[in-house]
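Data first, discussion second: the structure below is written as structure tokens.
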Amino acid sequence: MATTKMNLPIEAAGPGTSAIPAMVNTAGTNSPVPGYSFTIASVQAIYWHFPIFYYGSGNLTLNLVWYASGGQTTGNVRWDSQIMAITPGDAQSLETDAFATATNTTTTVNGTARGPTKTQVTISNLDSLAEEDCVRLKLICNSGTLASNPILTEAWLTFSDS
């Protein structure tokens, strides 16, 4: 059994129609840092749409890399994730299918100011996921105790190919 990794480019994520986080491009000392800036005080979400290849069975793990925009070294963020999976040819509409129940993880911020924090959200409600399904992945910044906005800079999925 091998683990497959699937990159989810931040630039490829799309906002919904409401509760939209800001896309930012922070000027770093040596290079820009693009990402989505979520507001802790409100529930905001972004979405990825993709076909899934090499999926065998089992849960998906959504890996997130983020940092505190204000340089905080204490506090936490709760991330929720959910998917919908539609097999081409099924009698289901891409526009009306519902998301499976969300799963969540709360992670404490990195102890270094603006240092990257990794969060892993195990997605166990798979909506009958199968190879080559049309997948909609929703990431929600739900709450937290962080004093500034978390900025999501990287995301990828891992899953079993057998």
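Below is a table of values for the structure above.
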item	result
Condition broken by residue 55, with the remaining ones in (1) surrounded by 15 or more Cβ atoms within 10 Å (Cβ to Cβ); (2) hydroxyl-bearing (Ser, Thr, Tyr); (3) farther than 16 Å from residue 156 by Cβ satisfied	(3)
Residue check, residue 97 on the phi > 0 side of the Ramachandran plot and either at pLDDT 95 or above or charged (D, E, K, R) (or both)	no
Residues (at pLDDT 95 or above and either assigned to a loop (DSSP other than H, G, I, E, B) or more than 16 Å from residue 123 (Cβ to Cβ) (or both)) located in region 56-68	65, 66, 67, 68
Residue that is among the hydroxyl-bearing types (Ser, Thr, Tyr), under 29 Å from residue 40 (Cβ atoms) and in a strand (DSSP E or B), where the choices are 101, 105, 112	105
Residue selected from region 98-120 under the condition more than 25 Å from residue 135 (Cβ to Cβ) and hydrophobic (A, V, I, L, M, F, W, C), by the criterion surrounded by the fewest Cβ atoms within 10 Å (Cβ to Cβ)	113
Count of residues meeting criterion [surrounded by 22 or more Cβ atoms within 10 Å (Cβ to Cβ) and over 15 Å from residue 107 (Cβ atoms)] in region 136-148	1
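The values are calculated or read from the model by the stated rules, or taken from the named source; none is laboratory data. Because the structure is predicted, anything quoted here is derived from the model rather than measured. When we count neighbours, we look across all protein chains shown, and the Cβ atoms used for this are built from the backbone with ideal geometry, even at glycine.
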